[in-house]
Amino acid sequence: MTQEIGGFAALGLHPNILAALTAVGYEEPSPIQSQAIPVILAGHDMIGQAQTGTGKTAAFALPLLSKIDTAKREPQVLILAPTRELALQVATAFETYSKQMPGLNVVAVYGGAPMGPQLKAIRQGAQVIVATPGRLVDHLRRDEKVLSTIQHLVLDEADEMLKLGFMDDLEVIFEAMPESRQSVLFSATLPHSIRAIAEKHLREPQHIKIAAKTQTVSRIEQAHLMIHADQKTNAVLRLLEVEDFDALIAFVRTKQATLDLASALEAKGYKAAALNGDIAQNQRERVIESLKDGRLDIVVATDVAARGIDVPRITHVFNVDMPYDPESYVHRIGRTGRAGRDGRALLLVTPRERRMLQVIERVTGQKVGEVKLPNAQQVLDARIKKLTNSLAPLVADAEASHGDLLDRLTTDIGCSPRALAAALLKKATNGQALDLATVEREQPLVPGAGGAPRERRERDGERSDRGGERGEFRERRAPVPLTEGRVRCRTALGTRDGIAAKNLLGAILNEGGLAREAIGRIQIRETFSLVELPEDGLDRLLGKLKDTRVAGKALKLRRYRED
Ligand code: AMP
């Protein structure tokens with residue numbers, strides 16, 4: 001098992017953590033992880049210069065989890081994050097990486113939610129506290145001993161914390177922890193104020209920075225698209241409709257993502273395959289050969305698996321998941337523009353990854369312009385153009401070879417040549433009507449998909465109108481309009497239960513006896529999922545699904561009340 005994740009195994013992490021990494025499908029450490037993990041494991045203080053998207057959370061979570069003594073039921077690790085959103089994200093990451101560590105508990109402590117349950121979780125022996133500074137200070141006011149057993153501290157996004165005015169709170173928190181603790185600081189930038197904190201509170205910190213060499217990437221036209229993570233597959237499908245590509249390579253981060261995206265593409269009729277570290281070498285070679293000779297047009301790969309691919313017909317690279325660093329970006333997009341040809345590279349950027357985009361632009365010395373998601377009209381135009389291009393070359397000689405047949409069929413059927421031509425077009429398009437209404441129905445536009453909503457950076461402790469419960473908070477981040485006649489249903493199963501859209505879809509199709517078209521959008525989140533189902537006959541359907549289990553867990557689908 002450890003062989004599969006050779007890169008991580010060599011770093012000296014605890015075997016239970018390696019097992020969890022295999023389960024999430026990470027293939028190898030990102031650059032910041034390779035450098036930071038040994039330093040943190042060795043117990044040094046550290047300053048890491050890295051932004052979101054580099055894999056920095058795992059860079060501190062993995063070694064710190066390896067150091068925790070689960071037999072001791074007291075707080076040992078404290079992570080400070082500037083926002084509630086980041087605190088929740090980090091807490092979820094710790095939960096994921098500690099799946100195989102029985103007895104390990106994580107508590108997220110942030111403003112806008114009641115203090116009682118947070119304090120209770122701390123007192124019950126959560127070993128990891130992930131907190132926003134303001135709320136943590138509130139807890140310290142109630143109980144000054146809360147942090148007295150902390151052995152490891154991480155300041156995540158330290159520059160953001162200072163921008164939000166948490167300096168004084170940080171001082172209070174530092175004072176409440178044992179001096180013997182290990183301190184790690186992550187920051188995208190290192191302004192004077194951050195250096196001053198490091199000087200005062202860190203002991204001989206080691207500096208880690210991912211060196212960025214300038215790289216040239218001429219001949220490759222680059223663009224980016226702002227998108228929410230849960231809309232990436234939809235976006236890829238829509239982009240593929242309008243992009244004029246020969247062969248394409250799509251980069252994602254995990255093995256599971258290669259499989260999910262490749263099967264979504266196959267389902268839409270693309271000749272696509274996954275390429276990841278689990279696939280045997282000879283099979284990988286076959287995939288690449290198929291891409292070369294046109295039996296495949298799209299390969300969905302992780303960075304590891306795509307190493308060294310040299311296929312001249314690759315015209316496009318889609319960076320569906322952000323690369324860890326600019327070098328890896330340059331390396332990825334270098335898969336196109338081979339043999340002196342032009343290539344096109346597209347980068348999907350989630351709101352939190354904006355900063356990484358700027359770093360890429362700086363390092364490559366090129367602006368990566370923004371493109372919008374194609375609208376229904378553009379998709380329709382592209383489909384018609386494709387059809388035109390496929391028919392136009394036949395027009396010249398088809399009349400000579402098939403003209404007599406046309407005469408005969410119009411006579412036999414008793415229809416006009418126009419009616420027959422229309423029937424043949426219907427066949428050629430698999431019955432798909434090429435009009436705007438059809439395209440809009442197939443691809444409902446999702447608000448915010450094209451232009452990403454502003455990232456929320458709320459001051460910790462402010463009253464929230466979005467509720468404190470985790471699921472609710474996230475649900476409201478992406479309001480999606482419903483198609484008429486459909487209602488949304490909710491299950492408490494999500495990605496943390498190992499659920500993907502295809503599992504949910506399969507269960508509802510099989511056990512509910514519905515046609516695929518009856519099921520609308522499926523949104524999978526960490527702690528819950530939403531699925532659009534026909535309103536008509538809903539109670540009967542939910543009755544049929546009453547005992548359905550997905551990934552070994554009860555589905556318990558319920559109608560979801562929209563506000
Ligand atoms: P972060 O920079 O910590 O915000 O991480 C960005 C994303 O990269 C998260 O979605 C992680 O799950 C993912 N990630 C982190 N490390 C790895 C890895 N070694 N392999 C694949 N994905 C990773």
Given the alpha-carbon gyration tensor of the range 299-365, what are the semi-axes of its equivalent ellipsoid in whole angstrom, ordered largest first, with each equal to the square root of 5 times an eigenvalue? 21, 13, 10
What angle, in degrees between 0 and 90 and rounded to the nearest 10, separates the Cα long axis of helix 56-67 from the longest principal axis of the Cα atoms of the chain? 50 degrees
Taking every alpha carbon pair in the range 356-437 and sorting the distances into 10 angstrom bins from 0 up to the bin holding the longest one, the percent per bin comes out as 14, 29, 21, 15, 10, 7, 4
Under 4 °C and 1.567 mPa s, how fast does the range 220-375 diffuse according to Stokes-Einstein, given a Kirkwood radius computed over C-alpha pairs? Answer in µm²/s, whole number. 84 µm²/s
If the limit is 22 Å between Cα atoms, which of LYS502/LYS544; LYS99/LYS553; LYS292/LYS367; LYS232/LYS268 go over it? LYS292/LYS367
Shape metrics for the range 2-209, restricted to C-alpha atoms - Rg then Dmax, Å: 15.9, 48
For the Cα atoms of the chain, what angle does the longest principal axis make with the long axis of helix 133-142, in degrees from 0 to 90, nearest 10? 40 degrees
Tilt, helix 376-413 to longest principal axis of the chain (alpha-carbon atoms), in degrees rounded to tens, equals 20 degrees
Computed over the range 125-241, the convex hull of the Cα set has an average projected area, in nm², of 11.8 nm²
Expected sort for 179-188, 140-149 on mean C-beta neighbours within 10 Å, highest first, is 179-188, 140-149
Simple Cβ-charge dipole of the range 486-559, Lys/Arg +1 and Asp/Glu -1, about Cα centre, in debye nearest 20: 200 debye
Compute the separation of the alpha-carbon centres of the range 308-351 and the range 71-150 and state it in Å as a whole number. 40 Å
In percent, how large is the relative contact order of the range 1-139, given Cα pairs closer than 8 Å and 6 or more residues apart? 24 percent
What are the principal axis extents of the Cα atoms in the chain, in Å, biggest first? 94, 60, 42
Mean projection area, nm², convex hull over Cα of the range 497-549: 3.6 nm²
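Once you keep just the Cα pairs under 8 angstrom separated by 6 or more residues, what percentage relative contact order results for the chain?
14 percent
Bear in mind that the values in this text are calculations on the coordinates, not laboratory data. Since this is a predicted model, take the numbers as computed values, not measurements. Please note: Cβ atoms are built from the backbone with ideal geometry, for glycine as well, and neighbour counts cover all protein chains shown.
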